[in-house]
Structure formats: C-alpha cells, structure tokens
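The values are calculated or read from the model by the stated rules, or taken from the named source; none is laboratory data. Just so it is clear, the model here is predicted, and its values are computed rather than measured. Note: ideal-geometry Cβ built from the backbone for every residue, glycine included; neighbour counts use all protein chains shown. The protein model used for the area step is the full one, side chains on, heavy atoms only, and it has no ligands, DNA or RNA in it. Shrake-Rupley method; radii C 1.70, N 1.55, O 1.52, S 1.80 Å.
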Amino acid sequence: MLYAQQVVSNEELQQILALQQLNLRGIHHEKEEAEQGFVTVAHSLNVLQQMHQLEPSVIAKDKDTLAGYALAMTKECSGIVPELFSLFDGLNQLMYKSKPLSEYSFYVMGQICVAKEYRGKAVFDMLYHMHKEIFHNKYEFVVTQIATRNLRSMRAHERVGFKTIKIHSDKLDEWALVIWDWN
C-alpha cells in the first residue's frame, strides 16, 4: 500500500539518491526522457542531509520501497546547491501579485521524482498533497522551475494546481517558473 511521509532516516535519503541517479537527464534516450520526464540536478548525501535539517522532504513508499520523493528547499538552501544559485537569485528579483516574491513565505520544490514502476498511480499528486498538508500553515506557496521540454512534469504540475509565472532560458534549457499558491 502506498503512503506518503516526511523523510526520517539517512537510509531514506540514500534511497532518494539511488532513484535520482536512475532518472537524471542525459542517461536515457531523448525520446524516453520526453515521454517519462527527468530530473536535472544530482545531489550528494551531504546536501540532502543539510536540506533535511532545514525542512524534511516528503517521500512516497510502498512498504520499504521508495516510490517517489519531493525535496523541500527553504530559502536558506540557496547556498547549498550551486546549480540552483541562479534560480534563487532570479526568485529574489521577481514580483508576484504586485509584491516582491522575497516578501512572501515560500519554499522551493527542489526536485520531484516518481519511480518508473509507480508512474500513473497518483504518487506525484500524493507527494504534493502531503507537502501542502505539512507546510500550508508555515508557507504561502511552493515554487519550482521545470524544463519546458519536460512535458510530463509540466502537465503533472498543472494538474496539481501550479501556474506558470515566468518563462526564461539559460545555457541548459528553457524553464517555466511555476507556483502553487495556497491562499
């Protein structure tokens, strides 16, 4: 039976890293990535431990098997993952509802991934709904960016309730900055 919870052990963090490695951009054929989605950033155990100390992430499990994960990154994580420095810098310069984004209480979805054998079983939605259940009293919204060519992820985020607030490009890709406003 599938269930969601916050990460409680280093073993679960290591399971996240193993699942992440199986889904990194560039390891599968381009067609498979287009159909199944991908994750962009590879974390280390040390980085996940630092993130976990600030705000434990959410995982979906099937008994002892990791079915998926959704990494919470608070503003304090802005200096932990070099690949995301530009994301956090960009967030500090954005306006949302006529107010600087930095004036809101929010966190970043650092990454979300569902194991291939659990796709199509509502794990993605379960992960995000657990995030909302845990964090809605502490944060006004969650924000993330998605490679626009990752159509599976774009559709899944829209289904949950995310709205695109900005499209931008860098040397890697074109990105949609999306927000799930809980107010």
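When the helices in the chain are scored as -39500 (n - 2.57) per DSSP H run of 4 or longer and the sum is shared across all residues, what 222 nm value do you end up with, to the nearest 500 deg cm²/dmol?
Details: 6 runs with 61 residues, N = 183.
Helices in the chain give a 222 nm mean residue ellipticity of -10000 deg cm²/dmol.
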- Would you list which lysines come within 16 Å of K99, measuring only between C-alpha atoms, while excluding same-chain residues fewer than 8 positions from it? K166
- Note on the structure: With the chain reduced to its Cα atoms and the Debye formula applied, log10 I(q)/I(0) at q = 0.13, 0.15, 0.20 1/Å amounts to -0.62, -0.86, -1.68
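When only Cα pairs under 8 Å and 6 or more residues apart are kept, what is the percent relative contact order across the chain? Each step should come with its number before you reach the end.
Numbers: 289 pairs, mean separation 37.8, N = 183.
Normalised by residue count, the contact order of the chain is 21 percent.
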- For I165, the residues 5 or more places away or on another chain with a placed amide H closer than 5 Å to its own amide H are L177, V178, I179
- Exposure ranking of E55, E103 by accessible area [1.4 Å probe, largest first]: E103, E55
- Item | Nonlocal amide H pairs with T148, under 5 Å, H built at 1.01 Å | E174, W175, A176
- Query: Dipole of the chain, Cα-centred, from +1 at each Lys and Arg C-beta and -1 at each Asp and Glu C-beta, to the nearest 20 debye?
  - Reply: 400 debye
- Return the sequence-ordered ³J(HN,Hα) values of the range 168-178 in whole Hz as given by the Karplus equation 6.51 cos²θ - 1.76 cosθ + 1.60 applied to θ = phi - 60°, using x for Gly and Pro. 8, 10, 9, 5, 8, 6, 9, 10, 9, 8, 10
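Taking a ≥ b ≥ c as the square roots of the eigenvalues of the Cα gyration tensor of the range 1-82, is the shape rounded (a/c under 1.5), prolate (a/b larger than b/c) or oblate? Don't jump to the answer; show the numbers that get you there.
On the way: a/c = 2.09, a/b = 1.19, b/c = 1.76.
Verdict is oblate for the range 1-82.
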- Compute the distance in nm between two label points, each set 7 Å from the Cα along the Cα-to-Cβ direction, one at D173 and one at K63. 3.4 nm
- Positive end of the charge dipole of the chain (Lys, Arg +1 and Asp, Glu -1 on Cβ, about the Cα centre): tell me which of L45, Y118, Y69 has its Cα farthest that way. Y118
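Can you pull the percent of the chain's accessible area that's carbon plus sulfur, 1.4 Å probe, other chains left in place?
Numbers: 4620 of 9200 Å².
So the carbon and sulfur contribution to the accessible surface is 50 percent.
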- Checked the range 79-180 against the a/c 1.5 cut and the a/b vs b/c comparison, axes a ≥ b ≥ c from its Cα gyration tensor; verdict oblate
- Quick one: what are the phi-derived ³J(HN,Hα) couplings along the range 83-99, Karplus 6.51/-1.76/1.60 with θ = phi - 60°, whole Hz, x for glycine and proline? 5, 10, 4, 5, 4, 5, 4, x, 4, 5, 9, 8, 9, 9, 6, 6, 9
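Per residue, how large is the accessible surface of the range 50-119? Use a 1.4 angstrom probe and give square angstrom.
Working: 3120 Å² over 70 residues.
It amounts to 45 Å² per residue over the range 50-119.
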